[in-house]
Amino acid sequence: MYRGREGQWAFMFHRISGVALALYLLLHVVDISLVMYGPDGPFNAFLAFYHQWPFRIGLILVIAGVVYHALNGLRIILMDFTSWGIRYQQALWYGVLGLTTIIGLPILFKIVPEIFRRV
Amino acid sequence: MAVRPKTLGEAQATYSTNTELAWWVFMRVSGLLLIFLVFGHIFFNNIQINVAEVDYAYVAKRFSRSWVKIYDSFLLGLAMLHGLNGLRYSVEDYFRRPGRRFWAKVVLFTVAGVVFVLGVMTLWAFTFEEMGDAVRTLNGG
C-alpha cells in the first residue's frame, strides 16, 4: 500500500463498500426470489434464519456501506463535474464521513434496540 | 467522428474507448438515481417497519402493488448494472493475468445474468392487485 492521504482512503472505502454492496445485492435478489415458491415454500424459514442477530448487525453494516458509498459518490460527481471539486476533495471527504455519521446515528438508534426485541 | 476505423483492431480501439466513456457517464447518472431509490428502499423496508416483521405475506403484498413493481424494476436494473460494472472495474484492477481476468469476467457476467433473470421473474411473479376486474377475470379469479 502506498502512503496516500485522504483520497486514497476515500477510494479504498468506496471500492470495499462497492464490492460488498454488489455481492450483497446478488445474495439479496436470490434470497428474495425464494418467495416464488409460495407461502408454503422455504421463504419464511429462510427469513427467520436471516432475522437472527448476527445477520441484523450485518444489515447495519450494509446500510452504513450504502450511506458512505452514496455520499462519496456525490463527492466523486462533484470532483468530475465542477471546477472546484478536486481542490476541495479532502474537505469534501471529511464532509462525507461527518454526514455518514450524522445520517447513520439515528438509524443505529432505531435499529439496534429492535435487534434485541422480540417481534 | 471524422476518421472511421478501417480494421477490426482500429474499431476495437476506437469503440471500446467510447463504451468505457459511456460506462463512466452511466456510473455517475445511475449512482445519482440509486441514491434516491436505495435510500427509499431502506426507508420503506427497514426504517418504517422493523425488518424482523418481513415475511412471505409482507413481500407478496409488496410485489402485488404496481408502483412497487415499477420502483423495484428500476432499482433492480440500475443496481445490477451499476454493481456489475463496479465489479468489472475491480476484476480488471486485481486480476492481472489475462486468462484469469477473462474467466473471472465470464463467471461474473454469468452469475449476474442468472440473478437478474431471477429478480425479474420474482418481481413479475405476483399478479397486480390494482389492475382491476378485467385482468382478474382473465386470471380466473
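Read-outs throughout are calculated quantities, based only on the coordinates presented, and are distinct from any laboratory measurement. Every value quoted in this text rests on a predicted model; they were computed, and no experiment measured them. Note that each Cβ is placed from the backbone with ideal geometry, even for glycine, and that neighbours are counted across all protein chains shown.
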Quiz prompt | Karplus-derived HN-Hα couplings along segment A:56-72 (A = 6.51, B = -1.76, C = 1.60, θ = phi - 60°), whole Hz, x at Gly and Pro | solution = 6, 5, x, 5, 5, 5, 4, 5, 4, x, 4, 5, 4, 4, 5, 5, 5
Quiz item: Placing +1 at every Lys and Arg Cβ and -1 at every Asp and Glu Cβ, with all other atoms neutral, what dipole size does segment A:6-115 have around its Cα centre, in debye to the nearest 20?
Solution: 280
Practice problem: Per residue of A:33-40, count partner chain C-beta atoms within 10 Å of its C-beta, then hand back the mean as an integer. | Solution: 5
Quiz item: What list of ³J(HN,Hα) couplings, whole Hz, do you get for segment B:72-80 from phi and the Karplus terms 6.51, -1.76, 1.60, once you set θ to phi - 60° and write x for glycine and proline?
Solution: 5, 5, 5, 4, 4, x, 5, 5, 5
Quiz prompt | Value at 222 nm in deg cm²/dmol, rounded to 500, when DSSP H runs of n ≥ 4 in chain A each add -39,500 (n - 2.57) | solution = -27000 deg cm²/dmol
Exercise. Among A:Gly18, A:Gln52, A:Val35, flag the residue with its Cα farthest along the positive direction of the charge dipole of segment A:6-115, charges on Cβ as +1 for Lys/Arg and -1 for Asp/Glu.
Key: A:Gly18
Quiz item: So what does log10 I(q)/I(0) come out to for segment A:6-115 at q = 0.18, 0.24 Å⁻¹, using the Debye formula with one equal point on every Cα and no solvent?
Solution: -0.94, -1.27
Quiz item: What list of ³J(HN,Hα) couplings, whole Hz, do you get for segment A:105-116 from phi and the Karplus terms 6.51, -1.76, 1.60, once you set θ to phi - 60° and write x for glycine and proline?
Solution: 4, x, 4, 4, 5, 6, 8, 4, x, 5, 4, 9
